[in-house]
1. Return yes or no: is Asp343 acidic (Asp, Glu), within 30 Å of Val206 (Cα to Cα) and assigned to a loop (DSSP other than H, G, I, E, B)?
2. Find all pairs meeting these conditions: Cβ atoms under 6 angstrom apart; at least six residues apart or on different chains; first residue within the stretch 326-344 and within 30 Å of Asn78 (Cβ to Cβ); second residue small (Gly, Ala, Ser) and not in a loop (DSSP other than H, G, I, E, B).
3. What number goes with the only condition from (1) of a type outside the set (D, E, K, R); (2) out of contact with any Pro (no Cβ under 6 Å at 6 or more places or on another chain); (3) touching a residue at least 24 places away in the same chain (Cβ under 8 Å); (4) over 24 Å from Thr314 (Cα atoms) that His400 does not pass?
4. Would you tally the residues in the stretch 399-417 being assigned to a loop (DSSP other than H, G, I, E, B) and touching a Phe, Trp or Tyr at 6+ places or on another chain (Cβ under 9 Å)?
5. Quick check, is Thr121 buried (at least 16 other Cβ atoms within 10 Å of the Cβ), under 26 Å from Thr398 (Cβ atoms) and in contact with a Pro (Cβ under 9 Å, 6 or more places away or on another chain)?
6. Which residue pairs have Cβ atoms closer than 9 Å, lie 6 or more positions apart in sequence or on different chains, and pair a first residue in the stretch 277-289 that is on the phi > 0 side of the Ramachandran plot and buried (at least 17 other Cβ atoms within 10 Å of the Cβ) with a second residue that is of a type in the set (Val, Ile, Thr) and assigned to a strand (DSSP E or B)?
7. Any idea which residue in the stretch 18-51 is modelled with the highest pLDDT, counting only those that are in a loop (DSSP other than H, G, I, E, B) and of a type in the set (Ser, Thr, Tyr)?
Amino acid sequence: MRRFRGRLAVVLIATSACMAARADVGNAQYWQAPGSSDREDYIHEPFPPGVQIVQTELDGPLYADSSGHTLYHWQLKNLRNGDTGDRKKSGTSACTNEIYKETSGMQSPYPPGFLLPELDTRPSCDKLWPPYVAPDDAKPVGKWTIITRKDGTKQWVYDDYPVYTSSLDHHKGDVLGGTKIEKAGGSGVVRTPIGPPPNVPPELKVEAFGTGHMLVDHKGYSVYYSDADSPGKSNCDAKCQTQWKPVVASDTATAQSEWSIVVLPSGIKQWAFRKHPLYTFIPDLHGRTLVGSDVPGWHNVYTQRTLPPPKEFTIQDSRIGQVLADSHGKTIYLYNCTDDALDQQACDNPDAPQEYRLAVCGNGDAKVCRDLFPYVIAKAGDKSASPLWAVMAIDPNTGHRAAANQADALHVWAYRERPVYTYANDRRAGDADGDAFGEFNGYRNGFKAFWLRDDFLDNAYRR
């Protein structure tokens, strides 16, 4: 755990750590306010016929095909003993119809040459990730170009990387094949959804979190607004500015869309978003933090937030930060998994092989695994306002989806169609001893707490 230096930062963190758990997640600072229609704006750029832009809750505006299925990249990444994924400007796709049968040895602790599970039903990469096919008469437009696959079909390329859909996505707005959130998909070479660039000034950028898209400056430091300001007017005096630094706009900057300019008494131009003048917090010691929001009347700035999780869930303070918990205060965990084949198939969902999860939490025994990491059971009729959360029927003996009308099916809460769990050895509300359970701190194949706030931890351990 990182120790803050600087008196004010220490006081703020200590105050946060002592806050009582909030039972009503609907009123928490993390979620979109009831009735809010805030959506992230984007830069309009040309795209091919058949492509559309879909607003999604977690990942913002994304490109989708004519049916609304999200489009993805699979960008090259270096692993332990090699790399895999698509190379930029390579003119080829690494996602083919080959069915891999053995581990590749790229992801420790697995050496190469071991047979992969469920080989009789293992699909090829292009079955899980169908290439986004371009018509024979398609022409490049903007950042969109075309390559010819080995089988002769044409495939769309965006920003120099081939484009795919996901077999996990079934409805318009589904983004189940990947996410923009760092490490949320595990530690392998994961797929990421693609979309138009966010419409933000060059001095700022957008960071993706599990609770929304946060504005940060060009160095990655969080941006804030103050309740003491008036719409379009800064009331931050000289004393205030010893702690809060205005986000300066260039002399040539002009207002557009949700962005406006505030001219300070000194003549300096300051950016304002949705009429709120923007600042960074001088005591912030690293980027993407919520520390400044501990100061009464100050708030982090989001281009959009997610909707609240199921209403019976709670927020708990733990040794690793603030976490999402069930109605009894037990920390909720997500399971991460990417297999060790060259095509890096995800094994974190009920449609994938369950051998990895059962091995890491039950030594292959489904009952031991259920006892150690029990599913979060949903009550009859439970629903969530957020489409990210749903109730799923699971076969308790296999971990796969239950058959229709299966008598012993468990009805469990799932996040992005991945079941969520608690940990049997968490004894008190706020315990998070199951965090990092598994390989490589739980990112390679294992369990991570559903963190809401982790801004006093080292970056390497963030979800």
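The values are calculated or read from the model by the stated rules, or taken from the named source; none is laboratory data. All figures in this text were calculated on a predicted structure; none of them were measured in a lab. For neighbour counting, all protein chains shown are included, and Cβ atoms are generated from backbone atoms with ideal geometry for every residue, glycine included.
1. So Asp343 passes the test.
2. The qualifying pairs are Tyr333/Ala449; Thr338/Ala346.
3. Status for His400: all satisfied but (2).
4. 1
5. no
6. Taking only residues 6 or more apart or on different chains, the pairs are Arg288/Val216.
7. Result: Tyr30.
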